[in-house]
């Protein structure tokens, strides 16, 4: 199984990780592993995700604004359909009296476009407008738009498409009386693209079954007719989609951040009070990155008419064009602050070192990205019953403002299912490279002995510890050991030696020659004793004579 450790460190730049596998009398053969009657372990893979601390005292302040008058602090802008009135050194957010109206048309469908991949553009993706009577020629077939009034809002259609490795297109016309925002919720089997008026809002190339609320997007509608186009790509099996509009929800009034925001971890804090409990939504514009579509973040304001401090955490993997801050109507707002820190990162490692590695289970294979049932990962047989250390150097250390939050995953996937660490300790460092596991406790004890009183065995242990702590020396020693191994025998030479051995063996006599030689040997023996042969011939003749047999 795997051990998942959530912890924090005061260092803001982690350069190395050390794992101490500790012996313990309670474990099989004193451990440090849990393998029955063995005490070994196999650390298949080490994974670490580093994030900034949640404590905002260490974060950099990206923006600060006080909302004491109806003059909106830059770079915030009031959204269409919203207005502010003055409060007590605050502003009160309200909707304008004008009524907004949205009308959704039926779905239209065209497809399947067989053999069309997720990224390949065909048919409707190449159109600048929607023509209901348009026909698309594709691999010998004529495809046309078909109205689907039976496809209702907020209904899951998970098997309406069947062609494998194909793309289907859905289109819906939306009429808006004014510029406004419309939240929608989507699901797809498999990948999905979303276009509004020809602009890509979402692209998620993923394999999955369709379900509600897999994607959430806010449509920024223009006044008049808007064209919403969905592309559903199916890899295999039945395919379908889910669509739910937020037309029944009241559109929240709010503000838009009008400047580009850089990548990073962010926290938006604000002081507010409200007469009703409700959602506060932070909507990120252009936030789709590498298939990730978390484009909105939520919190709730209390409806107790008291001032409270609120917080919304969000991350940007890439810069975004705008950000919307939407609040319930009649929310009173005093200030908005935005803090920034570094992005969470999965650490990559190099220069793995260990006090000992089992043959075939080198410590370097615990950071090679592979997880196999055997022959991979760090193990220590036959040196159980001892404490062992391993260190892993971070390739590209990350700097955060303030402490570091760590999520450490020790994957132990040996085929027995029982080779896990029994007792261990994990430490981090911010020392400069090269990184090693430090001095074992045994070596520290030796240093406590006066130099002139150390035994030759103790001096050798100090020397070996020094050699093993140098990554370059360890690498060179391993290369030398590998070079000193005898070369495998040349297969061609082995073949020739076998042929020569066979050639040196005497040839067997042909059967006829062997028979004649045996006859010759018998004849020579008979001629050497003529008297016995003569008596034998006479006896044989008498036995076979009928007259002799009758007169006996």
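The values are calculated or read from the model by the stated rules, or taken from the named source; none is laboratory data. Everything numeric in this text was worked out from a predicted model, so none of it was measured. Quick reminder, even Gly has a Cβ in these numbers, built from the backbone with ideal geometry, and neighbours come from all protein chains shown.
Structure above, values below:
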| quantity | calculated |
| --- | --- |
| Residue in region 443-450 that is in a loop (DSSP other than H, G, I, E, B) and within 29 Å of residue 38 (Cα to Cα) present | no |
| Options 25, 88: the member that is free of Cβ contacts under 8 Å to residues at least 60 places away in the same chain and within 30 Å of residue 363 (Cβ to Cβ) | 25 |
| Unique residue being loosely packed, with under 14 Cβ neighbours inside 10 Å, in the same structural domain as residue 393 (by TED's automatic domain parsing) and outside any loop (DSSP other than H, G, I, E, B) when the list is 6, 50 | 6 |
| Hits in region 460-513 - residues which are under 52 Å from the mean Cα position of the chain (by Cα), outside any helix (DSSP H, G or I) and more than 30 Å from residue 390 (Cβ to Cβ) | 486, 487, 488, 489, 490 |
| Hey, residue 140 free of Cβ contacts under 8 Å to residues at least 40 places away in the same chain, over 19 Å from residue 247 (Cβ atoms) and under 27 Å from the mean Cα position of the chain (by Cα) or not | no |
| Test result for residue 169, farther than 23 Å from residue 323 by Cα and touching a helix residue (DSSP H, G or I) at 6+ places or on another chain (Cβ under 7 Å) | yes |
| Scope region 61-115; condition assigned to a strand (DSSP E or B), in the same structural domain as residue 167 (by TED's automatic domain parsing) and under 39 Å from the mean Cα position of the chain (by Cα); matching residues | 107, 108, 109, 110, 111, 112, 113, 114 |
| Test: residue 44 is touching a helix residue (DSSP H, G or I) at 6+ places or on another chain (Cβ under 9 Å) and surrounded by 18 or more Cβ atoms within 10 Å (Cβ to Cβ) | yes |
